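Notes follow the structure.
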Amino acid sequence: FRWTWLWMLIQYASSGGVEDTEARLILDVTDFGAIGDGIQEDTLAIREALSQATLLTRSQEEETFTQRSPSVTVYFPKDRVFVSAPLNLSSNVILHVDGTLRAITNATSGIDFDESWPQLPPLPSYGNSEDNNRYLQYQAFLYASEATNIVIQGEGTIDTQGAWWWDAFRNRPS
């Protein structure tokens, strides 16, 4: 597929009033094969864009040997609906959503929900499970572990399908 990486120069004023410039790499998920039609699942393409962002960020850190502010943006264009299974975020990445990023449910056609939405042990701060005495919990839609400098921004929507999850919770077998 087509790889397009756009360089964008961003200027900002620091607290001392001095201007600083920083080049930021923008990875558009559609360049990795995401369709964004609200029907077709875009998980693999989005995960590939996130994976490339992680690799690029790590190579930049190795070159400078310092902790950097986020420098790679994964972009979701406006007027599109991207359907995805859970996503893992890593350090120093910007998730810029101008369209809609929508979580899959078991009602999403053509997917194996149990395979697409992993179950994980709860975080230590979660405590004991109250979900039918099951220990494993469904992974959060956007998840990061031991990560820093993650930015989520944009004028779009992240739709985690909350209503579907609450209905499933209320109607679960006892």
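The values are calculated or read from the model by the stated rules, or taken from the named source; none is laboratory data. Model, not experiment: these values are computed from the prediction. To get the accessible areas, we keep the full protein, side chains included, count just its heavy atoms, and leave off ligands, DNA and RNA. Shrake-Rupley method; radii C 1.70, N 1.55, O 1.52, S 1.80 Å.
Results for (1) outside any loop (DSSP other than H, G, I, E, B); (2) at pLDDT below 75; (3) open to solvent by 50 Å² or more (accessible area, probe 1.4 Å); (4) charged (D, E, K, R), shown as yes or no for each residue.
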position	(1), (2), (3), (4)
Tyr75	yes, no, yes, no
Asp79	no, no, yes, yes
Val83	yes, no, no, no
Arg102	yes, no, yes, yes
Ser109	no, yes, yes, no
Pro122	no, yes, no, no
Ser125	yes, yes, yes, no
Asn132	no, yes, yes, no
Glu146	no, no, yes, yes
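From the list Pro70, Pro118, the lone residue that is over 13 Å from the mean Cα position of the chain (by Cα), open to solvent by less than 40 Å² (accessible area, probe 1.4 Å) and modelled with pLDDT under 90 is Pro70.
Which of the residues that make up segment 149-169 are assigned to a loop (DSSP other than H, G, I, E, B) and open to solvent by 70 Å² or more (accessible area, probe 1.4 Å)?
From segment 149-169, those assigned to a loop (DSSP other than H, G, I, E, B) are 149-150, 154-156, 160-161; that's our starting set.
Passing the criteria: only Glu155.
If you filter segment 13-55 down to residues that are assigned to a strand (DSSP E or B) and among the small types (Gly, Ala, Ser), you find that the one that is modelled with the lowest pLDDT is Ala13.
Output the residue which, of all residues in segment 85-99 that are assigned to a strand (DSSP E or B) and open to solvent by 30 Å² or more (accessible area, probe 1.4 Å), is farthest from Ser51 (Cα to Cα). Spell out how you get there, then give the answer.
Pass one, segment 85-99, residues assigned to a strand (DSSP E or B): 87-88, 93-97.
Now restrict to residues that are open to solvent by 30 Å² or more (accessible area, probe 1.4 Å): 88, 96.
Numbers: Asn88: 9, His96: 15 Å.
Filtering segment 85-99 for residues that are assigned to a strand (DSSP E or B) and open to solvent by 30 Å² or more (accessible area, probe 1.4 Å), the one farthest from Ser51 (Cα to Cα) comes out as His96.
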